[in-house]
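Notes to accompany the following structure.
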Amino acid sequence: MKFSQKHLTALILVLLGLALIRCKTRQSSDEPKKIAIVVSTLNNPWFVFLAERASAKAKELGYESKVFDSQNNTSLETDHFENAISSGYDAILFNPTDADGSVVNVKNATAAGVPVFCMDREINSGVAATSQILSDSYSGCVTIAKFFVETLNKKGKYIELLGLVGDNNTWNRSKGFHSVVDHYPDLKMVAQQSADFDRNKAMEVLESILQANPDVDAVFCGNDAMAMGAYQALAAAGKADKVKVFGFDGAEDVVRSIQDGKIKATGMQFPEVMAQTAAVMADQYFKGKRDFPKKMPVAVEMVKMDNVENYAAYGKK
Amino acid sequence: MEKGIRYIASLLLVALVAYNSVYFKKLDQITTGKNLFNAAEYASRFWNEKLPRHTTKAIGIDVLLDLLQTDKDMAFKDYSHALGISNIKYFLIKGSGIVQAVGENQVSLETKSEGRSTQLFLATEYVFGNAVRDASGEIDINAFTNSMDFNNVSAEINKIIRERVIPPFSSKVKIGDRVDFIGAIELNQEHLNTQSIEVIPIELKIKD
């Protein structure tokens, strides 16, 4: 069989095209590998800290990294994943926006040969991600709830402020809390409403709830930003001394507020531990390791007045 | 007339077929049906079959406290278990002590060994958390596709303790009783505090 001039030209063009694509999507072996850090939102200092720590660890390990802000928007997150894959990123350290909605992004990256390491938030797939390094929110809230029941002496009225309804952490925290509190029928939840993990929204939501329920004894918040918003609303209503506020995260202002007696307790998460573990796992992946635990829980520790001296914002002193 | 009967019979037949072809179920019945994991059954099997293999190897509380003083790292390495990355570790312990106080939420117990006495608190009200599930090291989170199933195992184990272990004990215990116990405790490796150890009971025996 003989190649005609036309066929030969076409073949050369195809090969040239392939070579160009390869140049665009894969850096040479001399260049450092690139890690994309895709974070649900940079509008919350906790996630800024998580992204910064992941980026710092990636740099320390000798890799280039870039942080992508999904702005709590799954479509934007999809764009970031497509960009990361087409731009030749070698791994993605990922903080998902939606437990279900983010699964497809992880699957696409994995199918393209890019490992994904989830940080803090879980996706609803046991196999899509290379590994998921997750705060044990449920157990952390079980501990907080036990203290909540003790503090309220098993009776009273309370409000629960939930986080983003599409996030597993919202429900893990709420379920952990209720797995204890619901054993006590004299503890009555008068309102349960989402404030999207947002401080301002929490303040607005609580102001509104307090109008209908002025005699509450406690507020349980799914994160510290909401706890601070709740405290602001209570202070504005002149109830800050009477109503006990409980948070979750270990944010700087809440740790300070526990010292000042304004907030009763929070669940200390360890974003630096999660970020560093994810970066180290990516490094191990590049070096050939493949047998990662699908889930790596990171314990949450309760911070309250009698042990607050052991903790600083987002971790230990 | 005959045509009318045939028409009605056909309508009845169609209605009968349609009625038997469509079923309505509540959405929560469908979603519940999807998850075949039965946490209560799993917890019961763990309690009856797996946990006893580990409780026979529980470390004496006095031995553990001595070891924590002399070689904390070895004590945690050899006798504790935890999931993933954690300063909070769980131990299976056993011991014997004299009841000092019977409270609403716990029973205070004093154990004595070689001139040293230690106060422990047996939890009788707040039996929550993962101490018993995780202290044996037997259950691995990665064996569960769904984290909530894993969490529910703890809740079911604690339910067994609340229903089977505590009621026969609480109804009889009084100050001065000697109690033999096996249980699980939680200690923070980085901020160790052995002053107010709470024991989640697995076995409690009031000695005559």
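Summary of packing: across the peptides B:49-55, B:196-202, the per-residue average of other C-beta atoms within 10 Å ranks them, highest first, as B:196-202, B:49-55. Applying 1/(1 + (r/R0)^6) with r as the Cβ-Cβ distance of A:GLU31 and B:ASN188 and R0 = 56 angstrom yields a FRET efficiency of 0.80. Cα gyration tensor of region B:85-208, axes a ≥ b ≥ c as square roots of the eigenvalues: rounded (a/c below 1.5), prolate (a/b > b/c) or oblate? Oblate, since a/c reaches 1.5 and b/c is not below a/b. Restricting the calculation to Cα atoms, region A:43-178 yields a radius of gyration followed by a Dmax of 17.3, 57 Å.
Per residue of peptide B:121-128, the mean number of Cβ atoms on other chains within 10 Å of the residue Cβ is 3. Which GluC sites (Glu not before Pro) does region B:106-145 hold that lie in a coil by DSSP with at most 12 other beta carbons within 10 Å? Answer by residue number: B:GLU114. For the pair region A:151-223 and region A:28-64, the centres of their Cα atoms are 34 angstrom apart.
When chymotrypsin sites (Phe, Trp or Tyr not before Pro) are flagged only if DSSP places them in a loop and at most 12 other Cβ atoms lie within 10 Å, the longest unflagged stretch of chain B comes out as B:25-208.
The alpha-carbon of A:LYS188 sits under 16 angstrom from the alpha-carbons of these aspartates and glutamates, leaving out residues fewer than 8 places away in its chain: A:GLU150, A:GLU160, A:ASP215, A:ASP217. Treating the Cα atoms of chain A as identical point scatterers in vacuum, please give the log10 of the normalised Debye intensity I(q)/I(0) at q = 0.07, 0.11, 0.15, 0.16 Å⁻¹, two decimals. One equal scatterer on each Cα of chain A leads to -0.33, -0.69, -1.11, -1.21. Where does chain B land at 222 nm, in deg cm²/dmol rounded to the nearest 500, when only DSSP H runs of n ≥ 4 count, each adding -39500 (n - 2.57), divided by all residues? For chain B, the value works out to -11000 deg cm²/dmol. Bridging of B:LYS172 to lysines at a Cα separation below 16 Å is possible for B:LYS205, B:LYS207, once same-chain residues fewer than 8 apart are set aside.
Size of chain B: Rg and Dmax of its alpha carbons, in Å, are 26.5, 106.
Across peptide B:81-91, the mean count of Cβ atoms from other chains lying within 10 Å of each residue's own Cβ comes to 5. Residue by residue along A:142-152, Cβ atoms of other protein chains within 10 Å of the local Cβ number 3 on average.
Rounded to the nearest 10 degrees, the angle from helix A:271-286 to the longest Cα principal axis of chain A is 20 degrees.
Long hydrophobic helices in chain B, taken as whole DSSP H segments with a C-alpha length of 24 Å or more on their own axis and mean Kyte-Doolittle hydropathy at least -0.5: B:2-21. For region A:148-251, just say rounded, prolate or oblate: build the C-alpha gyration tensor, square-root its eigenvalues into a ≥ b ≥ c, call rounded for a/c under 1.5, and beyond that prolate if a/b exceeds b/c, oblate if not. Oblate shape, in that a/c is at least 1.5 and b/c is the bigger or equal ratio.
Laboratory data are not the source of any read-out in this text; all were calculated from the coordinates shown. For clarity, every value in this text was computed on a predicted model and none was experimentally measured. Virtual Cβ from ideal backbone geometry, glycine too; neighbours counted across all protein chains shown.
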